[in-house]
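Structure record follows, encoded as structure tokens.
Values in this text are rule-based calculations from the coordinates and carry no lab data. Just so it is clear, the structure is predicted and the values come from calculations on it, not from any experiment. Every residue, glycine as well, gets a Cβ built from its backbone with ideal geometry; the counts of neighbours run over all protein chains shown.
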Amino acid sequence: MAELSYRTALVTGASSGLGRGLALWFARRGVKVYAAARRLENLEALANEARAAGSHVEPVELDVADEEATLARIRELDTASGGLDLVIANAGFGKETSGKRINWETVKQTIDVNVTGAAATLCAVLPRMVERKRGHVVGVASMAAFRGFPRNAPYSASKAFLHTFLESLRVDLRGTGVHVTCIYPGYVKSEMTAPNKGPMPFLLETEEAVELMGRAIIRGEAQYAFPWQTASVLHLVKLLPNALFDRALGKRR
Ligand SMILES: NC(=O)c1ccc[n+]([C@@H]2O[C@H](COP(=O)([O-])OP(=O)(O)OC[C@H]3O[C@@H](n4cnc5c(N)ncnc54)[C@H](OP(=O)(O)O)[C@@H]3O)[C@@H](O)[C@H]2O)c1
């Protein structure tokens with residue numbers, strides 16, 4: 001299958017971790033990348049790093065939890081760029097909260113960023129892509145989407161939203177020229193996973209994960225879960241009957 005190519009891209013959550021890496025990965029391949037996040041100083045440092053390497057990253061200060069601002073800003077960028085070819089909804093928030101002491105602020109922030117923010121990011125451009133008969137929307141979900149993991153009710157549920165949302169879109173957009181990809185990373189080193197005290201099996205370096213994600217995107221994969229070791233285990237976990245799942249995961253600290 002031929003690799004997809006893009007002139008312009010938008011990556012949200014590009015001030016650190018996977019988003020930062022993906023912005024650079026595409027910029028190095030000649031794509032003009034709009035890099036969005038709240039921390040403008042990080043985005044400016046990223047733009048300087050790209051410039052030094054002869055590539056083009058444009059910083060975009062944006063809080064995706066503000067859906068009106070997100071819709072308006074992304075539509076503006078789409079117009080100014082002559083049409084965004086690739087939009088990656090990567091911005092994410094994750095914090096553990098046990099059901100026994102559920103924290104509303106954590107639940108709300110997770111929904112605002114991972115659900116509302118991601119959906120607004122994609123909906124800002126989708127009708128225009130369909131009209132142009134060209135484009136690619138990507139959501140960065142997580143393997144946490146596959147079951148309701150303990151102490152992660154808001155995070156697992158928010159990623160399940162993205163998984164299902166993108167699956168429906170993929171079916172609707174068949175034959176329109178617009179590609180849809182959902183990515184399910186396992187554990188990757190980043191600011192998000194740095195506070196984790198528990199075991200993180202098959203933990204990847206950010207650069208390794210970015211390379212795998214970038215390649216899956218240009219291959220136009222519908223769904224891509226990595227690393228394969230974690231993905232294989234999770235495919236089995238998906239099939240576990242509730243009684244076994246509850247017993248196995250309830251014990252895990
Ligand atoms: N690392 C992993 O193991 C792992 C596993 C599965 C899935 N993921 C997913 O991968 C994505 C990237 O995560 P990461 O690991 O690279 O973590 P990270 O380094 O913490 O990056 C999160 C990014 O999201 C941005 N963000 C958070 N809230 C935002 C908001 N309201 N508006 C705009 N941007 C916002 C942050 O930028 P600002 O703070 O500057 O706004 C930051 O750039 C997330 O969707 C995460 O759920 C990560």
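Comparing Asn90, Asn196, Asn152, which has the greatest mean-square fluctuation in the GNM of the chain with Cα pairs linked when under 10 Å apart?
In the Gaussian network model the winner is Asn196.
Size of the dipole of segment 84-243 about the Cα centre, Lys and Arg at +1 and Asp and Glu at -1 on the beta carbon, nothing else charged, in debye to 20?
On the way: 18 positive and 13 negative charges, 78 e Å.
Charge dipole, segment 84-243, about its Cα centre: 380 debye, nearest 20.
For Lys197, give me every one of the aspartates and glutamates with a C-alpha distance below 20 angstrom, ignoring sequence neighbours fewer than eight places off in its own chain.
Partners found: Glu96, Glu205.
To the nearest 500 deg cm²/dmol, what mean residue ellipticity at 222 nm is calculated for the chain from DSSP H runs of n ≥ 4 alone, each contributing -39,500 (n - 2.57), summed and divided by the residues? Numbers along the way, then the final one.
Working: 9 runs with 116 residues, N = 253.
Result for the chain, helices only: -14500 deg cm²/dmol.
Could you put Ile102, Ile111 in order, starting from the residue whose Cβ has the fewest other Cβ atoms within 10 Å? Mind dumping the intermediate values first?
Numbers: Ile102 12, Ile111 17.
Result, fewest neighbours first: Ile102, Ile111.
Which shape class, rounded, prolate or oblate, goes with segment 166-253 when its Cα gyration tensor gives a ≥ b ≥ c as root eigenvalues, a/c under 1.5 marks rounded, and past that a/b bigger than b/c marks prolate?
Values: a/c = 2.72, a/b = 1.39, b/c = 1.96.
Oblate is the answer for segment 166-253, as a/c is 1.5 or above yet b/c matches or exceeds a/b.
Please identify, among Glu191, Glu221, Glu67, the residue showing maximal mean-square fluctuation in a Gaussian network model of the chain using a 10 angstrom Cα cutoff.
Most flexible of the set in this elastic network: Glu191.
Mind checking the log10 I(q)/I(0) for segment 55-148 at q = 0.19, 0.23 Å⁻¹? Debye, one equal scatterer per Cα, no solvent, two decimals.
With one equal scatterer per Cα and no solvent, log10 I(q)/I(0) is -0.93, -1.20.
Would you mind telling me which residue in Asn42, Asn114, Asn242 has the biggest mean-square fluctuation in a Gaussian network model of the chain, where springs connect alpha carbons within a distance under 10 angstrom?
Answer for the Gaussian network model of the chain: Asn242.
Step through the residues of segment 39-49 one at a time and calculate ³J(HN,Hα) from phi using the Karplus curve (6.51 cos²θ - 1.76 cosθ + 1.60, θ = phi - 60°), rounding each to whole Hz and writing x for Gly and Pro.
In residue order, the calculated couplings are 7, 4, 4, 5, 5, 5, 5, 5, 4, 5, 4 Hz.
Give me the dipole magnitude in Debye, nearest 20, for segment 99-187 about the Cα centre, with unit charges on the beta carbon: positive for Lys and Arg, negative for Asp and Glu.
Numbers: 12 positive and 5 negative charges, 26 e Å.
I would put it at about 120 debye.
Enumerate by residue number the trypsin sites (Lys or Arg not before Pro) in segment 43-151 meeting two conditions: DSSP loop (anything except H, G, I, E, B), and at most 10 other Cβ atoms within 10 Å of the site's Cβ.
Details: sites: Arg51, Arg73, Arg75, Lys95, Lys100, Arg101, Lys108, Arg128, Arg132, Lys133, Arg134, Arg147, Arg151; in loops: Lys95, Lys133, Arg134, Arg147, Arg151.
Hits after loop and neighbour filter: Lys133.
Over segment 20-169, what is the mean sequence separation of C-alpha contacts under 8 Å (at least six apart), divided by residue count, expressed as relative contact order in percent?
21
Please give the Cα centre distance for segment 183-253 versus segment 27-47, rounded to the nearest Å.
Here the answer is 26 Å between Cα centres.
Using Cα pairs under 8 angstrom and six or more residues apart, how large is the relative contact order of the chain, in percent? Don't skip to the answer; put the middle values down first.
Working: 465 pairs, mean separation 46.0, N = 253.
Result for the chain is 18 percent.
Lys/Arg Cβ at +1, Asp/Glu Cβ at -1, dipole of segment 8-251 taken about the Cα centre: which of Gly214, Gly54, Gly117 is farthest positive-ward?
Working it through, the farthest residue towards the positive pole turns out to be Gly214.
Shape call for segment 8-251 from the C-alpha gyration tensor, a ≥ b ≥ c root eigenvalues: rounded (a/c under 1.5), prolate (a/b greater than b/c) or oblate? Display every interim value, and only then the final one.
Numbers: a/c = 1.62, a/b = 1.49, b/c = 1.09.
It is prolate, given that a/c is not under 1.5 and a/b is the larger ratio.
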